[in-house]
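Engineer: Starting off with a structure, shown below.
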Amino acid sequence: MKKILYIAIIFAALGWGCDDESFLNKEPKNILLESQIWEDESTVLSIVADLYVRFPEFQTVNRWQEFTNFDEAFASSNGDYWRHKFSDYSYGSWGMWDYELIRHVNLFIEKCSLADELLLPSKTRFLAEARLLRAAYYFEMVKRMGGVPLIVESMQYDFSGDPTYLQHPRAKEHEVYDFILAELEDVKSDLPNDVNIKSRATQALDLAMQSRVALYAASIAKYGQNTPTVSLPGEEVGIPAQMADTYYKKALDAAEELLLEDSYSLYEKKENLSDNFAKLFQDKANNPEVIFVKDFLQSEDGAISNPWTLVNQPWSGAEDLEGGRLNPSLNLVQSFEKLDNTYETFQTVDDAGDYIFYDNPGDIFAGRDARLEGTVMIPGSKFKGKDLDIWAGFMLADGSVISGAYFGDSKLLPGKSVEEQVVGYDGPIDSREYSAQTGFYVRKHMDEATGSGQRGLKSSTWWVRYRLAEVYLNAAEAAFELGQPAKAAAHMNVVRKRAGLTIPLVASDINFDRIFNERRVELAFEGHQLWDMKRWRIAHKVWNGEKQELTNDPGKADAVQTRVFGLWPYKYYDPAGSENNGKYVFVEKLPAEVTQAHRFRLGNYYSEIGDGIINRNPLIIKNPNH
Amino acid sequence: MKKILLPFLIGVISMVMVSCEYDNYEKPNARLYGNIVYQGEPINVKYNDVKLELWEPGWQLSNRIEVAVSPEGGYSALVFDGLYKLIIPSHQGPFRSIENAETNSDTILVQLKGNLNMDIEVEPYYMIRNNQFSVNGGVLTATFALEKIIKDVDAKDIEMIYLYMNKTKFVDSNYQIADAELAADGIADMNSISLSRTIPELVPAQDYFFARVGVKIAGVEDLLFSAVEKVNK
């Protein structure tokens, strides 16, 4: 009897389970179906947000180390000293071959176009944003790899066993640039024109990007002539020289169209010009200069907060047990002009070879471009209202030095009976991580809000990808290359005036070195350097692998900068009546961890395409010099 | 403790013995070696700077085997028997390849069966001749001549001359204790070039050092070097 009951129960259970079709066709509760996504604006927005988050980046606030690869800064961190101990950049460096990203944005564009339930104004905007992002992705690829296959539709494999129809050859380098520029032009009118939109695409971003893209293409066409071996016969790498002027014109037109826009202007809200320059990267309220950012929020969540202030805060006032990693180099610091528009290295000794004594450690840096102290924390300056303590030790009258091995170390000075502090709480101390091993800390992107240096909070400061000052400099460079130096000077003077350089440059002052140095000082630590050096084809001259001393010719574009140098302040100790007792002297210093000279080979102009990619698609040809 | 030690050891040893059987592949047996030469004379280069490539055709995926050229101009690769294509990529070395009669290109076909000593003849842009080092009053002076080898459309100018010193036999821009440089416009006579540099203090002290000169040819990335020479202080 029992048996029968069991069998009956089993049958009933099975029969009931199979019977009901809708039971198996229930809608899942943990994932969204495609049809559900495309009917709601907010879910589509979340996909667009994902496309923004995946914006490719090389040097950025999350990756402070990448700024120390070249000559702008030293890496004061045990795990990163190797960045100053190798010679050749590997051919694969900075490479990018991300067709997953391209496929995802292509799919987005296709599916969004078909989404009938999406309301028109937002649908148009989404599509325009996606196409602008796709253009930006291709820009990131072309500046690293040269011409890449232009895939503008998602590809589908038909499982026939023969994938050759999915293989596409590389486009010519200028074809990729032309595609980007055409797309940007095409979507511009579909984007909002609102100065308060910073983390999504706007018409201003579109124009700023056009000017940057066209400028890159133009300079490759022009300066590519200087490196004839960096080219391929099929023009996958290399742009014909005669195309240069068209691109320069495009860059100038796009930049000037944006500069005419009233709603955007340079950030000029603070009286102190250095503070103003630093504040420009922090002020999120009505910032008229910033065009496009990656935004952050102070939070425990590491994915959304900005770690820059935490990892780079001065050790003496650190809010947590770390900081001080990025040390701007003397190479960069001496590139800031004097207020009379001339260049000068720092005067540490007089003509007779004797030390020059300074009353205050900041005096040696006085009378320079205000951007210096807006970009770099110099000895004697403050951060978050606290004095920095950067000095390397006591220098005695005989030239010998008494210093310590720890932050603020104490030792007995000659003639004294009590030990006293012999080195600053910020260093510089060779090989001591987080100390200012070049004598400088970074100020750009540093957040002055309390808590921004705590691991559990970090900073809300945004990462500025595009801002108006760059557009001015793009316009200046394009005008200069088109033979309009007066116009170039006019654009540059706007940016320079904001930096306190009030004596205007005139047409005859403008030359390539001026263009180069203005970008170097204005856009330091904003991720421009490598791409600029590449497109001007001077990277292999500046980073030539030779161990040369620091150049005495700051402001010269092709001066050798293979190693980063520092400038160390010492307190002079001569209590036996010298009037210089307690004053500061400075010594140019090669940090002990800098042991090798960087070499940028011709094969580094375009990153290596791996054998794996070529094996999968034999139509891809290698980049030159690999 | 001792009780478990013995079984443990036996276990480890037996595992080692067992895995020997299965994990080991036959080792490469064919050594391809030789020098990069011009008329039989090796061409000296920078350490780990110039690389040849070996490709073995016939496999589904092709990956190169990179072979570095030693500072003295030698190369050596330990591989398996087989047919290889040896190429010197066009941008490598201060020289250009000579067209191979068999392949009508710069590719050299190499049939390996056991060891093979093969010198690769190339055409350098320049050769360093009559190189001499002399020490006088703590100053090292190098004198040499430069002979232009390639004079056709590919001819290139000199860009820079370097003198390097080091305490070991590795002497180039990376491995050096002192260097001197001379730009091309400072060269009056290609048959007698001289460069000098004060010898720095050697720590720890040794009464000899090594030196050689490097020549940077315009538009050519890799430097041409003279042979490393041991110099008494």
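Engineer: Taking the criterion of being in contact with a Pro (Cβ under 7 Å, 6 or more places away or on another chain), within 14 Å of chain A (Cβ to nearest Cβ) and either surrounded by 14 or more Cβ atoms within 10 Å (Cβ to Cβ) or closer than 30 Å to residue A:610 by Cα (or both), would at least one residue in region B:67-74 satisfy it?
Structural biologist: Checked against the condition, which is being in contact with a Pro (Cβ under 7 Å, 6 or more places away or on another chain), within 14 Å of chain A (Cβ to nearest Cβ) and either surrounded by 14 or more Cβ atoms within 10 Å (Cβ to Cβ) or closer than 30 Å to residue A:610 by Cα (or both), region B:67-74 yields no hits at all.
Engineer: Answer yes or no as to whether residue A:433 is within 25 Å of the chain's Cα centre (by Cα), charged (D, E, K, R) and in a loop (DSSP other than H, G, I, E, B).
Structural biologist: Yes.
Engineer: Name the residue that is farthest from residue A:336 (Cα to Cα), counting only residues in region A:273-293 that are assigned to a loop (DSSP other than H, G, I, E, B) and touching a residue at least 40 places away in the same chain (Cβ under 8 Å).
Structural biologist: My answer is A:286.
Engineer: Right, here's the next one. Counting only residues that are surrounded by 20 or more Cβ atoms within 10 Å (Cβ to Cβ) and more than 24 Å from the chain's Cα centre (by Cα), how many does region A:184-196 have?
Structural biologist: 3
One line per residue, one yes/no per condition, for (1) within 14 Å of another protein chain (Cβ to nearest Cβ); (2) touching a residue at least 24 places away in the same chain (Cβ under 8 Å); (3) part of a loop (DSSP other than H, G, I, E, B); (4) within 24 Å of residue B:181 (Cβ to Cβ):
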position: A:515; (1), (2), (3), (4): no, yes, no, no
position: A:519; (1), (2), (3), (4): no, yes, no, no
position: A:541; (1), (2), (3), (4): yes, no, no, yes
position: A:546; (1), (2), (3), (4): yes, yes, yes, yes
position: A:567; (1), (2), (3), (4): no, yes, no, no
position: A:581; (1), (2), (3), (4): no, no, yes, no
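Engineer: Is it true that residue B:60 is within 14 Å of another protein chain (Cβ to nearest Cβ), over 17 Å from the mean Cα position of the chain (by Cα) and of a type in the set (S, T, N, Q)?
Structural biologist: yes
Engineer: Moving on. Assigned to a helix (DSSP H, G or I) and within 15 Å of residue A:292 (Cα to Cα): does that describe residue A:212?
Structural biologist: The answer is yes for residue A:212.
Engineer: Let me ask something additional. Grab the helices (runs of 4 or more DSSP H) fully contained in region A:307-382, keeping just those with 1 or more residues being in contact with a helix residue (DSSP H, G or I) (Cβ under 9 Å, 6 or more places away or on another chain), of a type outside the set (A, V, I, L, M) and within 21 Å of residue A:462 (Cα to Cα).
Structural biologist: In region A:307-382, the matching helices (runs of 4 or more DSSP H) lie at A:308-312, A:371-375.
Engineer: Then there is this: Can you tell me which residue within region A:509-554, out of those that are within 23 Å of residue A:61 (Cα to Cα) and of a type in the set (Asp, Glu), is surrounded by the fewest Cβ atoms within 10 Å (Cβ to Cβ)?
Structural biologist: So, considering only residues that are within 23 Å of residue A:61 (Cα to Cα) and of a type in the set (Asp, Glu), the one surrounded by the fewest Cβ atoms within 10 Å (Cβ to Cβ) is A:532.
Engineer: Kindly indicate whether residue B:152 is free of Cβ contacts under 8 Å to residues at least 40 places away in the same chain and within 14 Å of chain A (Cβ to nearest Cβ).
Structural biologist: no
Engineer: For region A:233-267, give me each residue that is assigned to a loop (DSSP other than H, G, I, E, B) and in contact with an Asp or Glu (Cβ under 9 Å, 6 or more places away or on another chain).
Structural biologist: A:235, A:236, A:237, A:238, A:239, A:263, A:264, A:265, A:266, A:267
Engineer: Return the residues of region A:583-610 that are part of a loop (DSSP other than H, G, I, E, B) and within 14 Å of chain B (Cβ to nearest Cβ); say none if nothing qualifies.
Structural biologist: A:594, A:595, A:596, A:597, A:598, A:600, A:601, A:605, A:606, A:608, A:609, A:610
Engineer: Take region B:158-202 and flag every residue that is away from every other protein chain (no Cβ under 14 Å), among the charged types (D, E, K, R) and touching a residue at least 40 places away in the same chain (Cβ under 8 Å).
Structural biologist: Those that are away from every other protein chain (no Cβ under 14 Å), among the charged types (D, E, K, R) and touching a residue at least 40 places away in the same chain (Cβ under 8 Å): B:167, B:169.
Quick note: the coordinates plus some simple rules give every number you see, no bench work behind them. Everything quoted here is computed from the prediction, not taken from an experiment. Cβ coordinates were reconstructed from backbone atoms using ideal geometry, including for glycine residues, and neighbour counts include every protein chain displayed.
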